[in-house]
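This report refers to the structure that appears directly beneath it.
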Amino acid sequence: MPPNYGCNGKGKKSMRQPAHWDLDYDVVVAGYGYAGGMSAIAANDDGAKTIILEKMRHFGGNSIVSGGSCVASANAGETLKYLRRMCLNTTDDGVLQAFARGLSELEGLLTRLAAEVGFQTKRERFVWLPGKERTQAEAMDESVPGGAAYPFPGAESLYTVSVSRNEAYKPFLWTTGTKAGATLFRVVHEHIKRRPIDLHLETPVKEFVTNEDGMVLGIVAEHKDQRFTVRARRAVILCTGGFEHNQRLQSHYLQIQNVVSMSPLGNTGDGILMAQKAGAALWHMWHLHGSYGFRFPDMPIAIRHAFRGYRVNSKLMAWIIVDRFGRRFMNEYPPASQDTLIRSLEYYDPDIQDYPRIPCYLIFDEEGRKLGPIGEPRSNDESFTYQWSQDNLREIEDGRIRRFGDIEALAGHLKVNADALQETIARWNKGCRLGSDPDFMRPPKTMMPVETPPFYTIAAWPIVTNTQGGPVHNARQQIVDPYGEPILRLYAAGELGSLFGHLYQLGGNNAECFVGGKIAGSNAAAEEPWC
Ligand SMILES: Cc1cc2nc3c(=O)[nH]c(=O)nc-3n(C[C@H](O)[C@H](O)[C@H](O)COP(=O)(O)OP(=O)(O)OC[C@H]3O[C@@H](n4cnc5c(N)ncnc54)[C@H](O)[C@@H]3O)c2cc1C
């Protein structure tokens, strides 16, 4: 038996051209998140007869549950410097150049799309926009400029754009906890509805149809156990998202173990496997946009902790985190906490032959409990509608968070050395009094002592928000083989093979869906039909 990757096309070769095609289009788009939506809009608007095939019963993928912010650029040249440092030689320069150009046009694109269907965009965190002073970034006591996550050269050129919710917004009823991401999706979906773009739900793309040279001629899809073929006279665009729910791919590509995902269940890396079978090179497979958070046996989707987006240096964070020995091991609140935090949990201890930080444990006190919810559930699936209580009391009553009268009892529950944990907490509390964290440099105004009983703890696990890896693409969004040669008539957009290969820029994945989707859609539509 061949190994089961939870994947699509079985058998040794791609399917060859059938005698009869069931459906006939110019451009076939696989997956309907932002990337699939933008690709289809661009392909349609450039004259291609376009179809979107979406695997799940509900469209939206990660996109619909996202924070909806898109990074944009006030100066493409400066942004290119920033992107080069962000990606640190992991991404071809042509791809970064195209992205920097696209970011400088992104506000215009989003504003036009939004206005056409009754919405407005808003700018945030800008430093350099003509005639504007630095605004929100300063007000939030940031340590880095503008919309940049890190203080690299060119950082001042970045800002963020999102769509404001107004009376034109109609909710997507199967989602939970959705914010500006759903508003932006409403804009995309209104555009899809207004165009002659066919959308098929519950219809996963299973494999490509290719000729003997490997050129992609179409795809095989499935609906309710019925397979059918779709001819793509011009091209196929893969927008199938990441491998947040493919454990086998994760065990092959990630150093870290026991990663749990907060993404929709349909993101199982199908596009990666199909592209590999067509001969694609892969990149950035190790790279996760991820943090720490919570998993519970009765929930299919993990819940990440509630501190998202840019760090606010003056915002109190209730907890510290300790490993299985009762020691702190990281700054619990780094600059872009949903980017790099997961990496701190990766440490493998060769002496104990295990990961001492998986799980790790949040510890906070009664004052911290009252600060606000520690978890933030979101979902694109009506089977998961959990809402975290504002004061964390429901989770305490349900036993998800455990309560103890003193630290010794809490240590006993965690099976960590009580003296070590007492020492960790005493050192932390002293740091809070002095206003410094000499061990991990957590910003002083985010520090809060753990001193008022009762005390609370909850196990935390590595959480993937989204993966970045997938097929390598060039500046035209064509998927390429290991030698950089395009696989003919095959394109990608979105987080499937994202360009972020070292650090993640907040708002960057969504921006990539729109910038890359537009490039992919237009280039796909411009292909000469093969028949
Ligand atoms: C909670 C959360 C918040 C986030 N906030 C932000 C943010 O504010 N800014 C930002 O830039 N990024 C953010 N991100 C990341 C960003 O949302 C994603 O990277 C981006 O939305 C990915 O879009 P996509 O179109 O590439 O993939 P997705 O939106 O995931 O869509 C992929 C679609 O493909 C479908 N699919 C899978 N396999 C197949 C198949 N075989 N056939 C057909 N369809 C298939 C899936 O069902 C899915 O609908 C966030 C992510 C999460 C989870």
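The values are calculated or read from the model by the stated rules, or taken from the named source; none is laboratory data. Here the structure is a predicted model, which means the values were calculated and not measured. Note that each Cβ is placed from the backbone with ideal geometry, even for glycine, and that neighbours are counted across all protein chains shown.
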> Looking at region 305-320, which of its residues are over 14 Å from residue 459 (Cβ atoms) and within 14 Å of the ligand (Cβ to nearest atom)?
Replying inline: 306, 307, 308, 309, 310
>> Where the second residue is assigned to a loop (DSSP other than H, G, I, E, B) and of a type in the set (Val, Ile, Thr) and the first is over 19 Å from residue 515 (Cα atoms) and within 6 Å of the ligand (Cβ to nearest atom) and lies in region 35-61, which pairs have Cβ atoms under 6 Å and are six or more apart or on separate chains?
In response: 53/203
> When you look at residue 455, is it among the aromatic types (Phe, Trp, Tyr) and more than 16 Å from the ligand (Cβ to nearest atom), yes or no?
Replying inline: yes
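A quick yes/no check of all residues on (1) part of a helix (DSSP H, G or I); (2) farther than 13 Å from residue 363 by Cβ; (3) of a type in the set (Phe, Trp, Tyr):
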| residue | (1), (2), (3) |
| --- | --- |
| 409 | yes, no, no |
| 412 | yes, yes, no |
| 419 | yes, yes, no |
| 422 | yes, no, no |
| 426 | yes, no, no |
| 432 | yes, yes, no |
| 436 | no, yes, no |
| 440 | no, yes, yes |
| 448 | no, no, no |
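For every residue, the table says whether it meets (1) free of Cβ contacts under 8 Å to residues at least 12 places away in the same chain; (2) more than 24 Å from residue 461 (Cβ to Cβ).
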position: 400; (1), (2): no, no
position: 403; (1), (2): no, no
position: 427; (1), (2): no, yes
position: 436; (1), (2): yes, yes
> Which one of the conditions (1) surrounded by fewer than 23 Cβ atoms within 10 Å (Cβ to Cβ); (2) out of contact with any Gly (no Cβ under 9 Å at 6 or more places or on another chain) does residue 291 fail to meet, given that it meets all the rest?
Replying inline: (1)
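Results for (1) modelled with pLDDT of 95 or more; (2) surrounded by fewer than 21 Cβ atoms within 10 Å (Cβ to Cβ), shown as yes or no for each residue.
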site: 318; (1), (2): yes, no
site: 326; (1), (2): yes, no
site: 336; (1), (2): no, no
site: 342; (1), (2): no, no
site: 356; (1), (2): yes, yes
site: 363; (1), (2): yes, no
site: 368; (1), (2): yes, no
> Does any residue of region 473-491 turn out to be modelled with pLDDT of 95 or more, under 21 Å from the mean Cα position of the chain (by Cα) and within 11 Å of the ligand (Cβ to nearest atom)?
Replying inline: no
> Within region 503-522, how many residues turn out to be more than 9 Å from the ligand (Cβ to nearest atom) and either in the same structural domain as residue 83 (by TED's automatic domain parsing) or assigned to a loop (DSSP other than H, G, I, E, B) (or both)?
Replying inline: 1
> Is it fair to say residue 389 is among the polar types (S, T, N, Q), modelled with pLDDT of 95 or more and part of a loop (DSSP other than H, G, I, E, B)?
Replying inline: yes
> Can you name the residue in region 186-227 that is within 11 Å of the ligand (Cβ to nearest atom) and either without any contact (Cβ under 8 Å) to a residue 12 or more places away in the chain or charged (D, E, K, R) (or both) and is also nearest to residue 58 (Cα to Cα) among such residues?
Replying inline: 202
> What number of residues within region 458-502 are assigned to a loop (DSSP other than H, G, I, E, B) and in contact with a helix residue (DSSP H, G or I) (Cβ under 7 Å, 6 or more places away or on another chain)?
Replying inline: 14
> Restricted to region 267-282, and to residues that are among the small types (Gly, Ala, Ser) and buried (at least 24 other Cβ atoms within 10 Å of the Cβ), which residue is nearest to the ligand (Cβ to nearest atom)?
Replying inline: 271
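Per-residue answers, yes or no, for (1) among the small types (Gly, Ala, Ser); (2) surrounded by fewer than 20 Cβ atoms within 10 Å (Cβ to Cβ):
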residue: 32; (1), (2): no, no
residue: 42; (1), (2): yes, no
residue: 48; (1), (2): yes, no
residue: 60; (1), (2): yes, no
residue: 94; (1), (2): yes, yes
residue: 108; (1), (2): yes, yes
residue: 111; (1), (2): no, yes
residue: 114; (1), (2): yes, no
